[in-house]
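This report concerns only the one structure given below.
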Amino acid sequence: MTSARPAAGLGVSALAGRPGLRLWGEIGLRTSRTWAGALESLPGLGGSARCVYLELSGVTFVDVAGATALALTAQGLDGGRRIIVHRPPPSLCRTLEMFWSDLAGIEVTA
């Protein structure tokens with residue numbers, strides 16, 4: 001996947017050296033299709049990788065629908081696999097803590 005910055009305001013690029021994506025911008029109504037596409041095509045998700053990474057330090061906001069899409073993706077993982085979410089915005093942390101605090105498929109790191 002090459003670096004892309006759609007007009008909708010969410011950029012996506014592949015991570016170097018590990019399975020996952022780097023995103024920047026906002027995850028909300030205007031960017032929901034881009035976010036859904038990123039989650040569906042998350043490198044390593046369909047393979048044997050134990051951990052898949054989302055680098056979100058450049059994301060400024062994630063709405064509840066975006067957090068729900070991430071949680072549903074994580075719920076679909078099997079065999080102890082998980083999504084490592086690195087440096088997410090506070091809005092995502094609050095939503096995950098409020099609604100999915102016991103979801104083992106997501107690990108948040110600083």
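With the Cα gyration tensor of the chain giving a ≥ b ≥ c as the square roots of its eigenvalues, does the rule (a/c under 1.5 for rounded; else a/b larger than b/c for prolate; else oblate) give rounded, prolate or oblate? Could you put the intermediate results ahead of the total?
Details: a/c = 1.60, a/b = 1.10, b/c = 1.45.
Oblate, since a/c reaches 1.5 and b/c is not below a/b.
Of all DSSP-defined beta bridges confined to the chain, some 25% are antiparallel rather than parallel.
Residues within the reach of a label modelled at Ala16 (point 7 angstrom out along Cα to beta-carbon, backbone nitrogen below 19 Å), restricted to region 48-78, are 53-58.
Report the full-extension gain for the segment Arg50 to Ile84: residue separation times 0.36 nm, less the Cα-Cα distance, to one decimal in nm. Can you show the working numbers first?
Details: separation 34, 0.36 × 34 = 12.24 nm, distance 1.01 nm.
Full extension of this stretch gives 11.2 nm more.
The helix-only estimate of mean residue ellipticity at 222 nm for the chain, built from DSSP H runs of length n ≥ 4 each weighted as -39500 (n - 2.57), is -8500 deg cm²/dmol after division by the residue total. For Leu15, the residues 5 or more places off, or on other chains, whose built amide H falls under 5 Å of its own are Gly20, Leu21, Arg22.
Take Asp63, Asp102 and order them by how many other Cβ atoms sit within 10 Å, fewest up front.
Numbers: Asp63 18, Asp102 4.
Ranking Asp63, Asp102 by Cβ neighbours within 10 Å, fewest first, gives Asp102, Asp63.
Quick note: the coordinates plus some simple rules give every number you see, no bench work behind them. Bear in mind that the values here come from a model prediction, so they are computed numbers and not experimental data. Cβ: placed from backbone, ideal geometry, glycine included. Neighbour counts: every protein chain shown.
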